[in-house]
Amino acid sequence: MPTSSEPSKAIFFHETGGPEVLRWEDHTPGTPGPGEALVRHGAVGLNFIDVYHRTGLYPLPALPAIPGMEGAGTVEAVGDGVTEVQPGDRVAYAGNPVGAYAERRLIPAHRLVVLPDDIDFVTAAGMMLRGMTARYLLYGCYPVTEGTTMLVHAAAGGVGSLVVPWARHLGATVIGTAGDEAKAERARANGCQHVILYRQEDVAARVRELTDGRGVDVVYDSVGQATFMASLDCLRPMGTMVSFGQSSGSVEPFNPALLAAKGSLFLTRPSLMHYTAKRPNLLAHARDLFDVVRAGIVQVQVNQTFPLAQAADAHRALESRRTTGSTVLLV
C-alpha cells in the first residue's frame with residue numbers, strides 16, 4: 001500500500017482572485033488520524049461553490065487552501081476508530097471540509113459513502129454534490145409530489161439536469177429556463193415540458209401564461225441576482241422560493257414585507273451541508289440518488305472533463321457559461 005508520504009500534487013490558491021490564482025503544487029496529505037481516511041482520488045467534481053471560495057465570496061478559514069467539495073476514489077488507509085469505511089473501498093463524498101482538488105487527501109470518514117460497483121468514479125464525481133442537492137430540493141425544501149408545478153432556472157445546468165427528470169418521475173410539471181436555443185433543447189431532453197428563453201421572454205409573464213395565471217408552487221433558483229425578483233413574481237400565493245445559488249451575483253437586500261405583498265411567499269436559502277450534517281441523513285440522500293441513477297431515471301451528464309492540473313481552465317469555462325451538465329476534473 002502507498003504510504004502517506006508518497007509524492008503527491010494538489011491545486012492550491014494563496015490569495016483570492018481569478019482562475020489564475022489556482023496553482024498545481026506539491027502536496028503531502030499526511031497520515032490518517034482518529035476518525036479520518038486517506039483517499040486517492042479517481043475524479044473530482046467542479047462546482048460553482050469552488051468559484052465562490054476562490055474569489056472570496058464564501059471565505060475559507062485560512063489561505064493557502066485547496067478548493068473542492070466533491071470527489072470519488074479509493075480508501076488507502078484509515079485512522080483509529082473508523083468503522084464507516086475500510087482500505088480498498090470505493091467511495092464518494094460531497095460537502096465540507098473543502099480540499100478535493102488533490103490527488104490524495106485526508107477526510108473525516110463519516111463524510112464518505114461507499115459507491116455501488118456499477119457507478120464509476122467520473123460519474124460519481126459528477127453527481128454527488130448536485131445529486132444530493134437535487135434530493136434535498138425535491139424532498140426537503142418543498143415536498144414535490146404528483147401535481148406539483150415548478151420553475152427550474154438553468155434547467156440545462158448541472159443541478160437542473162438532475163432535478164428536472166427526478167421531478168418528472170415524482171409527477172411534477174416542470175417549466176425550465178435557458179439562455180439560448182441549444183440549452184433549451186437540452187432542458188427539453190432533460191424532461192422540461194416548457195422552456196422559457198430568459199434573454200428573449202418575460203419569464204414571469206410567460207409562467208403566468210403557462211399556468212393560467214396561477215403561478216407555480218415552487219421556484220428553484222441557482223442564478224441569484226439576475227432572476228430573484230422575477231422568480232418571486234412566478235409564484236402562486238403561499239408558494240415557495242428556493243434560492244440555492246448565485247451564479248449571477250448575490251441577491252440585493254430587500255424588505256421581507258415584499259414576501260407578504262407578493263402573496264405570503266415562503267423563502268428558503270438552503271445548504272447541502274445542513275441537510276446532510278447527520279450521517280443517517282447523508283446516507284439517505286446518497287441512497288436515494290444512487291437508486292434513481294441506477295434505475296436510469298436520472299442520467300448523469302458529464303459533458304466536460306479537464307485534467308486536475310488544468311483546474312483554472314475548467315473554472316474559466318464554468319464562469320463563462322460554456323459548460324452544460326457536470327464538469328469533472330480527472331486525477
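Can you give the extra length, in nm with one decimal, that the chain gains between LYS278 and GLU252 once fully stretched, where that is 0.36 nm per residue apart less the Cα-Cα distance?
Between LYS278 and GLU252, full extension yields 6.2 nm more.
Among THR55, THR28, rank each residue by its count of other Cβ atoms within 10 Å, from fewest to most, as a rough exposure measure.
Lowest count first: THR28, THR55.
For the chain, with a Gaussian network of springs between Cα atoms less than 10 Å apart, report the residue from LEU258, LEU60, LEU283 with the top mean-square fluctuation.
Answer for the Gaussian network model of the chain: LEU258.
For the chain, give the share of DSSP beta bridges that are antiparallel, in percent and rounded to the nearest 5; count only bridges with both residues there.
Given both bridge residues lie in the chain, the antiparallel proportion sits at roughly 55 percent.
Under the rule of -39500 (n - 2.57) per DSSP H run of 4 or more residues, summed and divided by the residues of the chain, what mean residue ellipticity at 222 nm is obtained, to the nearest 500 deg cm²/dmol?
-7500 deg cm²/dmol
Can you give the relative contact order of region 130-273 as a percent, counting alpha carbon pairs under 8 Å and 6+ residues apart?
Answer for region 130-273 is 20 percent.
Could you order the peptides 151-161, 127-137, 199-209 from most to least packed, using the average number of other C-beta atoms within 10 Å per residue?
151-161, 127-137, 199-209
With the cut-off at 1.5 for a/c, could you classify region 130-273 from its C-alpha gyration tensor as rounded, prolate or oblate?
rounded
Specify which residue in the list GLY249, GLY160, PHE228 is farthest towards the positive end of the charge dipole of region 130-273, using unit charges on the beta carbon of Lys, Arg (+1) and Asp, Glu (-1), about the Cα centre.
Going by the Cα projections, it comes out as GLY160.
In whole angstrom, note down how far apart the Cα centers of region 1-79 and region 276-331 are.
First find each Cα centre; the distance between them is then 16 Å.
Quick one: which residues, 5 or more positions from SER222 or on another chain, have an amide H under 5 Å from its amide H? H modelled 1.01 Å from N in the peptide plane, none for Pro or chain starts.
Here the answer is HIS153, PHE244, since their amide H atoms fall under 5 Å of that of SER222.
Mind ranking 69-78, 224-233 by how tightly packed they are, going by the mean number of other C-beta atoms within 10 angstrom, highest first?
Descending packing order for the listed peptides: 69-78, 224-233.
Below 13 Å, Cα to Cα, which aspartates and glutamates can LYS262 reach? Residues fewer than 8 away in the same chain don't count.
Straight-distance partners of LYS262: ASP233.
Using r as the Cβ-Cβ distance of GLN299 and PHE266, and R0 as 30 Å, what FRET efficiency do you calculate, to the nearest 0.05?
Efficiency for this residue pair is about 0.45.
Just so you know, all these numbers are worked out from the coordinates, no wet-lab data involved. Bear in mind that the values here come from a model prediction, so they are computed numbers and not experimental data. Counting neighbours? That spans all protein chains shown, and the Cβs are built from the backbone with ideal geometry, glycine included.
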